[in-house]
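Chemist: Sharing a structure below in structure tokens format, with a few things to ask.
The values are calculated or read from the model by the stated rules, or taken from the named source; none is laboratory data. Since we're looking at a predicted model, the values are computed, not measured. Positions of Cβ are backbone-derived with ideal geometry, glycine not excepted, and every protein chain shown enters the neighbour counts. SASA here: full protein model, heavy atoms, side chains in, ligands and nucleic acids out. Shrake-Rupley method; radii C 1.70, N 1.55, O 1.52, S 1.80 Å.
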Amino acid sequence: MVLKFIKETIFLFMTMVGILGNMSVSVNYMFSWWGSPEKKPIHLILTHLAFTNIILLLAKGLQKTITVFGLRNFMDDIGCKIIAYLERVARGLSICTSSLLTVVQATIISPRASGWNRLRPKSAWHILPFFSFFWILNGLISMNLIHSIRSIAMNTSQHKNSDYYCYLTLESQKIKWIVLPLMVLRDAAFQGAMGGASGYMVFLLHKHHQHVLYLQNSKLLYRTPPELRAAQSVLFLMFCFVFFYWTDCALSLFLSLSLGDSSLMINIQEFLTLGYAVFSPIVLSHRDGLVPACWHAQ
């Protein structure tokens, strides 16, 4: 019971830190958006990513944080459907928005003569149709949860020892084999775009590094452009996303094939599902110096 309480307390701490961090990042970028005469598409994307993280933290962390206070069976079927639906939609939006962030950042630092420069959004308002597409796509892919999620309050006899408040019913094979390929195709497509854009940025940063070494050998003063510093932070953010995503996938595969008691792996997986949403605002806060700017304003 002590270990369980410690786990739930850590989960509560991660959820609160993640929500506060993403709220801070979203508010800062919203003020930057409205206060700047030049509307930057990248700020709009980062605001949407922070908003997506908040939804994921609220949906995923709500059930776990309530456990700290000892409440049981507090959600009915409708509550379970809403929480599970928002969680899956938010996870899909996180993948799509992170991919869009990487592609747009690659177009920003690309040379004018390159093909990537043609993909650069002319205005921040050109980003809004992508957000609408992301919401519709992930909303449709997650529709099956509305029919397959139930509350344990309606079936306490089979789930009286469960730490969860909702469970999945047995879905028809037809729905399962329609939704699963769509999710795999979505993840493969957006992570493929993310990987291509990240590789291109690594190539440009390597060329810039060679140029800086040449200038240093020539004893010339040179400052790294803010666009390249921003590209480095986006690459680090994408590395974190890939790490948390594929580690979560590996653990999910291990748990699905495991026959013994894997409570430790389940706990690790639960923390990993929130890892990117909690860690990303830390990277975003240092991207444009939001933390020093806040202290300076105070």
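Chemist: Search region 77-100 for residues that are surrounded by fewer than 20 Cβ atoms within 10 Å (Cβ to Cβ) and pair each with any residue that is outside any helix (DSSP H, G or I) and among the basic types (Lys, Arg) when their beta-carbon atoms are under 9 Å apart and the residues are at least 6 apart or on different chains.
Modeler: Asp77/Arg150; Lys81/Arg150
Chemist: Let me ask something else. Identify the residue in region 29-42 that is part of a helix (DSSP H, G or I) and open to solvent by 40 Å² or more (accessible area, probe 1.4 Å) and, among all such residues, is farthest from Asn267 (Cα to Cα).
Modeler: Gly35
Chemist: Name the single residue that is farthest from Gly92 (Cα to Cα) among those in region 164-198 being of a type in the set (Lys, Arg) and modelled with pLDDT under 90.
Modeler: Applying the filter and picking the extreme gives Lys174.
Chemist: Residue by residue through region 128-146, note down the ones that are within 19 Å of Leu168 (Cβ to Cβ) and among the hydroxyl-bearing types (Ser, Thr, Tyr).
Modeler: Within region 128-146, just Ser142 meets the criteria.
Chemist: Suppose we filter Ile45, Ile19 for residues that are among the aliphatic types (A, V, I, L, M), open to solvent by less than 30 Å² (accessible area, probe 1.4 Å) and over 22 Å from Leu272 (Cα atoms); which single one remains?
Modeler: Ile45
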